[in-house]
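The next block holds one structure in the form of structure tokens; read it before the comments.
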Amino acid sequence: MATLVCPYCYDSFAEKRILFRCSGLIGPAGKKCPLTRDTVLFDRFGIQDALPTTFAGNGRHRNAVHELCGARTHHRVCPFCHSRLPVDFGKIDNRLIAMIGAKESGKTVYMTVLLHELMHGVGRRFDASMNGCDDHTLNQFTQRFEHGLYEQSALPATTKSAGAEQMQPLVYRVSLPRRGLLGERERHTITSFFDTAGEDLTSRASVDLNTRYLGSADGVILLLDPLQMRGARDRAGPDTPMPGTGAGFDSPFNVLTRVTDLLRETGGLGPGKKIKTPIAVAFSKMDALWDSFEPDSPLLQEASAARPALDLSDTEAVHEHVRALLEEWDGGQIDQLLRANYAAYSFFGLSALGAVPRNGKVAGDGIRPHRVEDPYLWLLNRFDVIANHRS
Ligand SMILES: Nc1nc2c(ncn2[C@@H]2O[C@H](COP(=O)(O)OP(=O)(O)OP(=O)(O)O)[C@@H](O)[C@H]2O)c(=O)[nH]1
Ligand SMILES: [Mg+2]
Ligand SMILES: [Zn+2]
Ligand SMILES: [Zn+2]
């Protein structure tokens, strides 16, 4: 039987092991269950809310009756972390996307801008709707990330280490219309985004948690900072704020090596076997390097947005161009390592902000994202959620 993976903790389990949480309503005989802190939720994600208890039932069913109070509940929770599972979980596609990258590579900014674009511009092109699955996702995204970046032009603070704050992923339900033999039907996919703290990739202590996230992910977006490469650093504009160096910081090649080792370990892959998880290797902060490109570089063009499908010709042109740039940036081994270890990988070059930030703030004319959706669309095409075409 197929195993399911929780979009919050990335642990896997059979459908029948899904738990229920009592509704907390008064049952037919007038009994009502008390509210207490759920220690499992608290330990995992620091959630302190007083909630009704969880109990085992037939997890294949969408609802269950709590014996103690007799009230029926539709609230299904993960057996490992007790997070509320999305509506239709287990019945619809569930795709987990892990986002990783070194410290200050731009993950939090990128995730915020990508989600914003998916809800607005890109979403419209695909006729897609993105809905946050839980209060945490809705609050974190709008209040913390979107509000700070879009309304206050403030760059985010360093993401806390998973060991310290137990970051909870943002979980969305993406609905896309699909034309098939039976006419147009909605297709739903749950995607979970986990933003790691960069330093978690350098300390062995927090690697365990990341191992689970990476090992269960259906796709990986690896964000690499070109400004951590000497060859690219020299080509950046004079006012570009440079990422730090030294302890806690790491070169893109070292980050990729560590991630590759983790994926090989969790997949139990012998020598010569390639990692099957598709990996989008995306270079962030490209705005700092735009001036050093030939005007006809595919990285300077807008991705073609004419059709609601992935443009393969464009994807390949970008991939080849980044590969050539890596040679110039002294990053030739990156491609060799990917080719030797991954069955499916593609290079991307993007800018979440569209301009170099000034004094710790988004540049004066606001956020102008460039090609941020490319890696996500490539993964969706890999998952067969969207179609592709050649231009
Ligand atoms: N030029 C340019 N700089 C960017 C861009 N995105 C992020 N940055 C810079 O990179 C810094 C770090 O961005 P974050 O998104 O916080 O990076 P992170 O990977 O989440 O960092 P940690 O949480 O510390 O691991 C920002 O403060 C900006 O200075 C971009 O699109 N262009
Ligand atoms: Mg961050
Ligand atoms: Zn009850
Ligand atoms: Zn869970």
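Read-outs: derived from the displayed coordinates by stated rules, not from any lab. Predicted model only: the values in this text are computed from it and were never measured. Ideal geometry is used to build each Cβ from the backbone, glycine not excepted, and the neighbour counts take in all protein chains shown.
Let me know the longest stretch in the chain that avoids all trypsin sites (Lys or Arg not before Pro) found in a DSSP loop with at most 13 other C-beta atoms within 10 Å.
That would be 277-389.
Show me the GluC sites (Glu not before Pro) within segment 1-104 that DSSP assigns to loop and that have at most 14 other Cβ atoms within 10 Å of their Cβ.
Answer by residue number: 67.
What is the Å³ per residue value for the convex hull set by the Cα atoms of segment 302-391?
Spread over its residues, the Cα hull of segment 302-391 gives 133 Å³ apiece.
Please give the net charge around residue 296, taking every other residue with its beta carbon less than 14 angstrom from that of residue 296, where Lys and Arg add +1 and Asp and Glu add -1.
Computed value for this residue: -4.
Quote the relative contact order of segment 273-391 in percent (integer), defining contacts as alpha-carbon pairs under 8 Å separated by 6+ residues.
42 percent.
What is the distance in Å between the Cα centroid of segment 100-126 and that of segment 219-233?
Segment 100-126 and segment 219-233 have Cα centres separated by 16 Å.
As a test, work out the antiparallel percent of DSSP beta bridges whose residues both lie in segment 93-389, rounded to the nearest 5.
If we restrict to bridges inside segment 93-389, about 40 percent are antiparallel.
How high is the relative contact order of the chain, in percent, with contacts defined as C-alpha pairs under 8 Å that are six or more residues apart?
Here the relative contact order equals 16 percent.
So for segment 1-136, what percent of the C-alpha to C-alpha distances run longer than 17 Å?
68
Considering only Cα-Cα distances, which of the following residue pairs are longer than 21 Å: 107/160; 31/91; 103/361; 103/160; 107/273; 285/361?
Long pairs (Cα-Cα over 21 Å): 31/91; 107/273.
Dipole size in debye (nearest 20) for segment 93-389 around its Cα centre, Lys and Arg Cβ +1, Asp and Glu Cβ -1?
Dipole magnitude for segment 93-389 comes out near 660 debye.
Based on the alpha-carbon gyration tensor of segment 93-389 and its eigenvalue square roots a ≥ b ≥ c, which shape applies: rounded if a/c is under 1.5, prolate if not and a/b is larger than b/c, or oblate?
Rounded.
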